[in-house]
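Here is the structure we will look at, set down as structure tokens.
Since every read-out is calculated from the coordinates, none of them should be taken as a lab result. Because the structure is predicted, anything quoted here is derived from the model rather than measured. As a convention, Cβ positions derive from the backbone with ideal geometry for all residues, glycine included, and neighbour counts pool all protein chains shown.
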Amino acid sequence: MKDVIIIGNGPAGITAAIYGVRAGLDTLLVSDAPNGGGQIATTYEVDNYPGLLHVGGMELGDKFLEHAKELGAAEMTARVSAIRDEGDHKVVVTEKEELETKTVIIATGADHSKLGVPGEQELVGMGVSYCATCDGAFFRKRTVAVVGGGDVALGDAIFLSRFAAKVYLIHRRDAFRGAKMLQEQVKEKENIEICYDTIVTSVVGTDMVEKLLIKNVKSGEESELAVNGVFMAVGIRPNLDGLTGLPEQNEAGYIVAGESCETSIPGIFAAGDVRTKQLRQVITAAADGANAITSVERYLAGA
């Protein structure tokens with residue numbers, strides 16, 4: 001019987017494991033990913049994590065996992081399919097075995113929706129990004145594109161306009177879905193050019209993004225945009241596919257939990273990008289991991 005089983009080995013899960021071991025809890029980290037870091041493992045460079053300027057995403061993920069292992073955190077590579085609430089304890093079901101534990105922390109993260117066009121996957125981290133706040137500063141005085149039409153896309157375009165020489169905002173419809181205030185701010189920016197009724201059909205580049213192939217959905221006209229980077233803002237979803245026995249989720253599928261990481265099921269906690277929150281970044285995920293263990297300790301103490 002474990003004190004806590006943590007599902008997921010991104011920044012939230014690994015931080016929870018570090019804090020769990022340091023708190024003297026019998027801790028097990030379970031993930032189907034052999035390497036640590038979650039989304040950051042696919043990020044070319046991270047320059048907004050304090051104390052580690054210009055660190056590679058995969059390198060940072062490895063450092064996190066190495067830290068947890070050095071402290072003695074146990075880990076298992078397995079896919080979790082279900083969590084069963086048995087009242088005084090929980091059962092974590094994997095394809096290998098059923099694991100009993102007093103508490104569970106769900107830290108499976110979230111993933112950005114993909115366009116699914118040629119060249120997108122091949123150039124991730126080489127000009128294709130899903131996080132403007134993470135990677136925008138790398139494109140100072142360069143030309144970039146943002147794909148999407150919601151609040152995130154509009155916000156990303158505004159954010160990038162502070163760094164980039166030129167920002168193309170590509171939207172497949174003739175009107176944005178995002179907040180009117182954001183739309184007005186976008187239109188006020190001289191270096192943002194809006195491409196309505198347009199889709200990206202391919203991302204082109206050898207070692208870095210060089211251009212986008214685009215198509216006007218009304219006229220059928222095809223053309224090219226020379227860009228140094230493209231930011232996909234077409235949605236994000238929690239990584240909970242195939243996992244049953246979950247606590248309450250909101251309409252977007254995120255587990256409802258606040259800063260304490262407590263969920264609708266006592267003894268089950270949610271940390272990192274998988275929970276409802278304002279900002280999904282490495283630093284906020286790591287903070288969640290620490291908060292989740294604090295809540296686990298309170299729960300185990302009967303507080």
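Counting DSSP beta bridges with both partners in the chain, what percentage is antiparallel, nearest 5? Display every interim value, and only then the final one.
Details: 27 of 61 bridges.
Just about 45 percent of them are antiparallel.
Name the cysteines of the chain that stand alone by the Cβ rule: no other cysteine Cβ under 4.7 angstrom.
Among the cysteines of the chain, those whose Cβ sits 4.7 Å or more from every other are CYS195, CYS261.
What's the local net charge at VAL104, with K and R +1, D and E -1, over the other residues with C-beta under 14 Å away?
Values: positive: LYS2, ARG84, LYS90, LYS102, ARG275; negative: ASP3, ASP26, ASP85, GLU86, ASP88, GLU98, GLU100, GLU262.
After counting each charged neighbour, the total is -3.
Of [x] 33, 50, 17, 0; [y] 33, 55, 11, 0; [z] 29, 53, 17, 1, which is the value of P(r) over Cα pairs in 20 Å bins from 0, in percent derived from the coordinates here?
Correct label, based on the coordinates given: [x].
Normalise the Cα radius of gyration of the range 154-299 by 2.2 N^0.38 Å (N = residues in it) and let me know the number.
Values: Rg = 20.0 Å, N = 146, 2.2 N^0.38 = 14.6 Å.
The value comes to 1.37.
To the nearest 20 Debye, how big is the dipole of the range 178-303 about its Cα centre, given +1 on the beta carbon of each Lys and Arg and -1 on that of each Asp and Glu?
Numbers: 11 positive and 18 negative charges, 50 e Å.
Dipole size: approximately 240 debye.
What does the charge count near ARG162 come to, summing +1 for each Lys or Arg and -1 for each Asp or Glu among other residues with Cβ under 15 Å from its Cβ?
On the way: positive: ARG140, LYS141, ARG142, LYS166, LYS189; negative: ASP135, ASP156, GLU188, GLU190.
Result for the local shell: +1.
Among the listed pairs LYS90/LYS114; LYS102/LYS277; LYS215/LYS277; LYS2/LYS63; LYS180/LYS215; LYS63/LYS166, give every one whose C-alpha distance is greater than 29 Å. Walk me through the numbers before you get to the answer.
Working: LYS90/LYS114 34 Å; LYS102/LYS277 26 Å; LYS215/LYS277 35 Å; LYS2/LYS63 25 Å; LYS180/LYS215 26 Å; LYS63/LYS166 36 Å.
The answer is LYS90/LYS114; LYS215/LYS277; LYS63/LYS166.
With n ≥ 4 as the cut-off for DSSP H runs, can you work out [θ] at 222 nm for the chain, using -39500 (n - 2.57) per run divided by the number of residues, rounded to the nearest 500? Before the final figure, lay out the partial values.
Values: 6 runs with 69 residues, N = 303.
So the calculated ellipticity at 222 nm is -7000 deg cm²/dmol.
What do you get for Rg/Rh over the range 119-240 if you use C-alpha atoms and the Kirkwood form of Rh?
Values: Rg = 13.4 Å, Rh = 14.2 Å.
That ratio is 0.94, to two decimals.
List the aspartates and glutamates whose Cα lies under 17 Å from the Cα of LYS96, skipping any in the same chain that are fewer than 8 positions away.
Once the sequence-local aspartates and glutamates are set aside, what remains near LYS96 is ASP32, GLU75.
When Rg is the radius of gyration of the Cα atoms in the range 66-165 and Rh is its Kirkwood radius, what does Rg/Rh come to? Walk me through the intermediate numbers first.
Values: Rg = 20.5 Å, Rh = 17.6 Å.
Rg/Rh: 1.16.
Among LEU115, HIS171, ILE192, which residue has its Cα positioned farthest towards the positive end of the charge dipole of the range 114-232, with +1 placed on the Cβ of Lys and Arg, -1 on the Cβ of Asp and Glu, and the dipole taken about the Cα centre?
ILE192
Over the range 143-281, what is the mean sequence separation of C-alpha contacts under 8 Å (at least six apart), divided by residue count, expressed as relative contact order in percent?
On the way: 258 pairs, mean separation 27.1, N = 139.
The value is 19 percent.
Please state the relative contact order of the chain as a whole percent: Cα pairs under 8 Å, 6+ residues apart? It would help to have the intermediate numbers written out before the result.
Working: 724 pairs, mean separation 62.0, N = 303.
Relative contact order here is 20 percent.
May I ask you to evaluate 6.51 cos²θ - 1.76 cosθ + 1.60, the Karplus curve with θ = phi - 60°, for each residue of the range 227-233 and list the ³J(HN,Hα) values in order in whole Hz, giving x for glycine and proline?
Per-residue couplings from phi come out as 9, 9, x, 9, 10, 7, 10 Hz.
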